[in-house]
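Below you will find the structure I want to go over with you.
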There are 2 protein chains.
Amino acid sequence: MTPATAPRECSVAAALEVIGEKWSLLVVRELILGTDKFNDIAANTGAPRDILTARLRRLEELGVIEREEYSSRPPRYSYVLTKKGRDLRPVVMALKHWGDTHVMGRTMPPVYEHSCGEIFTPATHCAACGEKAGGATLTRINP
Amino acid sequence: MTPATAPRECSVAAALEVIGEKWSLLVVRELILGTDKFNDIAANTGAPRDILTARLRRLEELGVIEREEYSSRPPRYSYVLTKKGRDLRPVVMALKHWGDTHVMGRTMPPVYEHSCGEIFTPATHCAACGEKAGGATLTRINP
DNA sequence: ATGAGTCAGTTTGGTTTTCCAACTGATTAG
DNA sequence: CTAATCAGTTGGAAAACCAAACTGACTCAT
């Protein structure tokens, strides 16, 4: 009997479980951009209000965002990212970059000129000693 | 009259338009991992077969994946990422990292020791002159 | 104090997706 | 001939989604 293979256990799937629903990541984008009021989030994302309510509740439940009461009569809340939520920034940025280069026409990542006059190419150095850091100069010291 | 504000035009939203549907990103994950047959993708993601068919068609249409015929009688196809699709790797990785640290228990990003003996903190230098590069030393030279 | 407007939702009722299990049809393996 | 593999289809029910209207507690300008 084939053991009816279960789907791969994977943190990508786990992450999508949390922020993979429609609108969730756009809500996070808005919060990153500083929008914190229900109506503004609704307008800027385009999400239906009832769905937005559901997403905000779920994201709060899962610790991605927090509600702050900014008025008590009537009770009014604003929404803020927690650390867990702020840590989604790289995800949103990666998505933005992909969208820029592959969906919008806007190709071309930014090009900079260093004060030395050359086109800037980044090189990673050790902040402590200033020397160039690369494969052999680095040793992983935690599991 | 309020001008009925339209949702924010944004490459994050544009990207999600393409790979934001349920299962799409898990399909990409599987293709990144090298799974290329319909049945395997179905099993590893857990996606219903009809939905998977729809996603594969759409991702092909949008140029994220390609079908390759690997048998002609009966016609059988395998799926491969295009460049556009491979460029989603950072997105999947960012998601994986977030999932690892915030959804699964597995915290702790890797910590390295530089050959100088200090815990490694990266500093970005100009590859041409070797000097430290930061805000004021960089000038953007393209739109 | 009346009426208009703001804000954060909730309700309604209809449309669209998703889901699952079973089925098809072509082909190869035993 | 029979069973198994593979890549889908099909049908029907359950869940999610949607737009627009509505609530209720307020504020502000007349």
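Could you list, in their original order, any pairs among A:Lys84/B:Lys84; A:Lys132/B:Lys132; A:Lys37/B:Lys22; A:Lys22/B:Lys22; A:Lys83/B:Lys96 whose Cα atoms are separated by more than 20 Å?
Numbers: A:Lys84/B:Lys84 29 Å; A:Lys132/B:Lys132 11 Å; A:Lys37/B:Lys22 27 Å; A:Lys22/B:Lys22 8 Å; A:Lys83/B:Lys96 17 Å.
Check vs 20 Å cut-off fails for A:Lys84/B:Lys84; A:Lys37/B:Lys22.
Which distance in Å, rounded to a whole number, links the C-alpha centroids of region A:35-102 and region B:23-66?
Using only Cα atoms, the two centres lie 29 Å from each other.
Could you pull the Cα extents of region B:32-92 along its three principal axes, largest to smallest, in whole Å?
Result for region B:32-92: principal-axis Cα extents of 37, 23, 20 Å.
Do you know the relative contact order of chain B, to the nearest whole percent, from alpha carbon pairs under 8 angstrom that are 6+ apart?
Numbers: 98 pairs, mean separation 20.5, N = 143.
Reported as a whole number, the value is 14 percent.
Same structure again: Hey, can you grab everything whose amide H is under 5 Å from the amide H of A:Gly63? Only 5+ residues off in sequence or another chain; H modelled, so Pro and N-termini drop out.
Hits under the 5 Å cutoff: none.
Determine ³J(HN,Hα), in whole Hz, for all residues of region A:85-100 in sequence, where each value follows from phi through the Karplus function 6.51 cos²θ - 1.76 cosθ + 1.60 and θ = phi - 60°; x replaces Gly and Pro.
Result, ordered by residue: x, 4, 5, 7, 3, x, 5, 4, 5, 4, 5, 4, 4, 5, x, 4 Hz.
Using a Gaussian network for chain B with springs between C-alpha atoms less than 10 Å apart, which of these wobbles most: B:Arg55, B:Arg76, B:Arg67?
B:Arg76
Starting from the Cα gyration tensor of chain A, multiply each eigenvalue by 5, take the square root, and state the resulting semi-axes largest first in whole Å.
For chain A, the semi-axes come out at 36, 25, 19 Å.
A follow-up question, please. So how tilted is helix A:49-61 from the main axis of chain A? Cα-based, degrees 0 to 90, rounded to 10.
Helix A:49-61 and the main axis of chain A meet at about 60 degrees.
Please list the non-local residues whose amide H lies under 5 Å from the amide H of B:Arg76, H modeled 1.01 Å from N, same-chain partners needing a gap of 5 or more.
B:Tyr70, B:Ser71
Let me confirm one metric for peptide A:85-93, namely the mean number of other chain beta-carbon atoms within 10 Å of its residues' beta-carbons. List each step's numbers first, then the result.
On the way: counts 1, 0, 5, 4, 2, 7, 11, 4, 4.
That works out to 4 on average.
State the dimensionless ratio Rg/Rh of the protein assembly as shown (Rg: radius of gyration of Cα atoms; Rh: Kirkwood radius). It would help to have the intermediate numbers written out before the result.
Numbers: Rg = 22.3 Å, Rh = 21.9 Å.
My calculation of the ratio gives 1.02.
Rule-based calculations on the coordinates, nothing more; no lab input. Because the structure is a prediction, the values reported are computed rather than measured. All Cβ positions, glycine included, derive from the backbone under ideal geometry; neighbour counts span all protein chains shown.
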